[in-house]
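One structure is given here, and the rest of the page talks about it.
The values are calculated or read from the model by the stated rules, or taken from the named source; none is laboratory data. Remember, predicted model here, so these are calculated numbers, not experimental data. Because the Cβ atoms are built from the backbone with ideal geometry, glycine has one as well, and the counts that use them run over all protein chains shown.
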Amino acid sequence: MKKSLIIIIVLVAFAAIVFFWYTGTYNKLVKSDETVTAQWGNVENQYQRRTDLVPNLVATVKGYAEHEQSTLEGVINARAKATQVTIDPTNLNEQTMAQFQAAQGELSSALSRLLVSVEQYPDLKANQNFLDLQAQLEGTENRIAYQREEFNKTAREYNTLIRKFPNNVIAGMSGFAAKPYFKAEAGAEKAPKVEF
């Protein structure tokens, strides 16, 4: 009788240890996944801020630079594409991240072309509304870069957590998948050629 009681106590203690270890690890994985999701929201928020600035920027430039119609249309079309590509943060993967980055990259390129073409219009460059919008756009681009960096940091911490043993066992059983990273634009590794 005493021996069977000891075996039952040992089994119950072992089951309790496994249960608490599993739930503790699972909860840590959930918390890390939620941190990645929240950081993704911060990234999207900054991209949305930039998208919201575009109509005001286009309207301001349109009044001064009538000859830049194709450039303005390019910005408008790129903005439309960028707003169409959205990602459910629970479904982040390499493919959806690549689509999102491509759409945002098109908008970045279109805005760059617009800002370069504006150099031809001194009256526009002196317009306070345009200068304010340009400063807001620059600040937003800096915030985007910062939030992307923070996203990569939280994704790395999460990916490391789900790959470590024995967390990887629980992560695999519970459906926790690796999160993709923001990557540099194609050709970013090459220094630009500057000629005078």
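Check segment 7-26 and report whether any residue there is under 29 Å from the mean Cα position of the chain (by Cα) and either surrounded by 15 or more Cβ atoms within 10 Å (Cβ to Cβ) or among the hydroxyl-bearing types (Ser, Thr, Tyr) (or both). Let's see the steps before the verdict.
Initial filter on segment 7-26 (under 29 Å from the mean Cα position of the chain (by Cα)): 24-26.
The next check asks that each one be either surrounded by 15 or more Cβ atoms within 10 Å (Cβ to Cβ) or among the hydroxyl-bearing types (Ser, Thr, Tyr) (or both); those that pass are 25-26.
Checking segment 7-26: at least one residue is under 29 Å from the mean Cα position of the chain (by Cα) and either surrounded by 15 or more Cβ atoms within 10 Å (Cβ to Cβ) or among the hydroxyl-bearing types (Ser, Thr, Tyr) (or both).
The single residue among Thr25, Thr60, Thr37 that is in a helix (DSSP H, G or I), touching a residue at least 60 places away in the same chain (Cβ under 8 Å) and more than 30 Å from Val118 (Cα to Cα) turns out to be Thr25.
Taking the condition of being closer than 30 Å to Leu114 by Cα and among the small types (Gly, Ala, Ser), how many residues in segment 132-184 meet it? Show your work before the answer.
As a first pass, look at segment 132-184 and keep what is closer than 30 Å to Leu114 by Cα: 132-152, 181-184.
Checking which are among the small types (Gly, Ala, Ser) leaves us with 135, 139, 145, 184.
Total meeting the criteria: 4.
In segment 167-179, the qualifying residues are those that are in contact with a helix residue (DSSP H, G or I) (Cβ under 8 Å, 6 or more places away or on another chain) and in a helix (DSSP H, G or I), and the one that is surrounded by the most Cβ atoms within 10 Å (Cβ to Cβ) is Ala171. Selection of segment 82-99 for residues being of a type outside the set (A, V, I, L, M), modelled with pLDDT of 85 or more and touching an Asp or Glu at 6+ places or on another chain (Cβ under 9 Å) yields only Thr96. Of the residues making up segment 112-166, those that are of a type in the set (A, V, I, L, M, F, W, C), in a helix (DSSP H, G or I) and over 30 Å from Tyr181 (Cβ atoms) are Val118, Leu124, Phe130, Leu131, Leu133. Looking at segment 1-14, can you tell me whether even one residue there is more than 30 Å from Arg79 (Cβ to Cβ), among the aromatic types (Phe, Trp, Tyr) and out of contact with any helix residue (DSSP H, G or I) (no Cβ under 9 Å at 6 or more places or on another chain)? Yes, that holds for at least one residue.
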